[in-house]
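Down below is the structure, laid out as structure tokens.
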Amino acid sequence: MTDIAIDVQDVQRVYHTPFASVHALRHVSLRIMTGQFVVLKGRSGSGKTTLLNCIAGLDTPTGGLIRVYGHDLTALSDAQRTAWRRREVGFVFQSTGLLPNFSAYENLELMLRLVRMPRSERRKRILNQLDRVGLLQWADHRPSEMSGGQQQRVAIARALVTAPRLILADEPTSDMDSETTHDIMALFQQIVDENETTLLLSSHDPLVDEYVDTILYLSDGQIQES
Ligand code: ADP
Ligand code: MG
């Protein structure tokens, strides 16, 4: 299949601050096909987080069009966009974003509650997902009891537990040593290979290059030819 997963057309995002207008994205256009594994590279401040947030529907572009699996995000209301995101997108944040007072199991369960999955189905899904990231024995542990790499695995499991077709990951390996980075990238590669999942991650680490199909470069809010 050559379906288009992400279609970004002429997207701009301007942040208005009291002191200046910051052009975080300047006329960005790109297409990512279903099942593609793509890394977005660029130095700090180049617009990676802004672009991922716009594609996830967490932020709204100032101009342009974003379609994800054919849905025009800019045409949805905030409530519709939130409902859409919970079902279709798994988001891995740089800071993991795990709830500190919840166990690994409970962090995953929250995502399934948000999509109103019945309790009977939740348990199987959660345990299966924790097993896939190699953390079944850690189900009842809180994030603070785990290493940074384990916490990021929980965050990845949480992003995957709703079986989204699209996974977005914002610098998921930025705080990790090279061995953990290789582990996490191998896990992402496995996820893409197994389930026709489309995966877009941002990074400035050259270690990730060998795992992805496509490298996109962002510089000063613009896509550079690679
Ligand atoms: P990256 O993730 O590549 O480091 P960002 O998308 O975070 O880049 O930021 C792109 C640009 O937008 C930077 O100049 C940053 O300072 C600016 N920026 C990001 N978020 C905001 C905000 N909420 N308000 C004002 N400027 C912002
Ligand atoms: Mg960023």
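What the table shows:
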read-out	value
Unique match (being under 13 Å from the mean Cα position of the chain (by Cα) and either at pLDDT 90 or above or not acidic (Asp, Glu) (or both)) among Ala186, Ala169	Ala169
Selection count, the range 6-46, where residues are open to solvent by less than 10 Å² (accessible area, probe 1.4 Å) and either part of a loop (DSSP other than H, G, I, E, B) or out of contact with any helix residue (DSSP H, G or I) (no Cβ under 8 Å at 6 or more places or on another chain) (or both)	3
The lone exception for Val14 - which of (1) modelled with pLDDT of 95 or more; (2) of a type in the set (Val, Ile, Thr); (3) away from ligand 2 (no atom under 16 Å from the Cβ); (4) within 19 Å of the chain's Cα centre (by Cα) it fails	(4)
Residue in the range 123-140 that is assigned to a loop (DSSP other than H, G, I, E, B) and within 13 Å of the chain's Cα centre (by Cα) present	no
Set Thr49, Thr60: member being outside any loop (DSSP other than H, G, I, E, B), within 16 Å of ligand 1 (Cβ to nearest atom) and open to solvent by 20 Å² or more (accessible area, probe 1.4 Å)	Thr49
Some residue of the range 137-155 being closer than 19 Å to Val92 by Cα and touching a strand residue (DSSP E or B) at 6+ places or on another chain (Cβ under 8 Å)	yes
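The values are calculated or read from the model by the stated rules, or taken from the named source; none is laboratory data. In this text the structure is predicted, and so the values were computed from the model without any measurement. Backbone-built Cβ (ideal geometry, glycine too); neighbour counts: all protein chains shown. Side chains are part of the model used for accessible areas, which takes the heavy atoms of the whole protein and leaves out ligands, DNA and RNA. Shrake-Rupley method; radii C 1.70, N 1.55, O 1.52, S 1.80 Å.
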